[in-house]
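Working notes, structure below.
The values are calculated or read from the model by the stated rules, or taken from the named source; none is laboratory data. Computed from a predicted structure; not experimentally measured. Positions of Cβ are backbone-derived with ideal geometry, glycine not excepted, and every protein chain shown enters the neighbour counts. Accessible surface is based on the protein model in full, side chains and every heavy atom, while ligands, DNA and RNA are left aside. Shrake-Rupley method; radii C 1.70, N 1.55, O 1.52, S 1.80 Å.
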Amino acid sequence: MDDYPVTFDVAYPEAPNRWLILVRWLLAIPHYIVLYLLGILASVVWVISFFTILFARTYPDSLYSFMVGVNRWNANVGAYILFYDRYPPFSMGAGDYEGVTFAVEKPDFNRWLVLIKWLLAIPHLIVLYFLSIIAMVAFIPLVLAVLFTGRYPRGLFDFFVGVGRWNARVSAYYVFLVDRYPPFSLR
């Protein structure tokens, strides 16, 4: 859905390093340590945003930017592990990691929706759980294809980006970055 307020896209990598795909997850450990710590802070921001949206019908700009930045950083690291040889920056900024686009349009908030978003997200979380299992299984042929052909199979690339896109939309929805219900779509 092109008009959904969360945009996540990854440019197709033309000539990946055949062997780097085996160790990128290991090289990303420093990012995951920082993201873990940012996740703790993001939990506090989530609670604050819950009450500010509920009582003031607003999400303070600095807190909103922080939450978008944490989600963007996470998307950049995921794209690195799966697709890019270029190490991602330790940054929340838009456009800091070439080839990965993550943006969110800030809405006018419905104060009462924060009370039930967790419930409305459950069907998406169930589908994403099963898509994640499929992605874990599909990772093996993805790695083998890169190792032997030096290219990403376009279908597997599109599937992984689609799962990432769906996850980004649902995540933005339940951390109150958007009010519009996410589509059940990999596009």
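Summary of computed values
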quantity: Residue among I134, I126 that alone is open to solvent by 20 Å² or more (accessible area, probe 1.4 Å), in a helix (DSSP H, G or I) and under 30 Å from N17 (Cα atoms); calculated: I134
quantity: Residue match in region 90-97 (condition: touching a residue at least 24 places away in the same chain (Cβ under 8 Å), under 22 Å from Y4 (Cα atoms) and open to solvent by less than 70 Å² (accessible area, probe 1.4 Å)); calculated: yes
quantity: Top-ranked residue in region 43-73 [being touching a Ser or Thr at 6+ places or on another chain (Cβ under 8 Å) and in contact (Cβ under 8 Å) with a residue 40 or more places away in the chain; ranked as surrounded by the fewest Cβ atoms within 10 Å (Cβ to Cβ)]; calculated: T58
quantity: Residues being aliphatic (A, V, I, L, M), closer than 25 Å to Y173 by Cβ and open to solvent by 60 Å² or more (accessible area, probe 1.4 Å) - total across region 1-30; calculated: 1
quantity: Matching entry among F176, F160, F109 (being under 16 Å from P16 (Cβ atoms) and hydrophobic (A, V, I, L, M, F, W, C)); calculated: F160
quantity: Top-ranked residue in region 137-187 [being part of a helix (DSSP H, G or I) and of a type in the set (D, E, K, R); ranked as surrounded by the fewest Cβ atoms within 10 Å (Cβ to Cβ)]; calculated: R154
quantity: Exclusive hit being of a type in the set (F, W, Y) and in a loop (DSSP other than H, G, I, E, B), set Y80, Y59; calculated: Y59
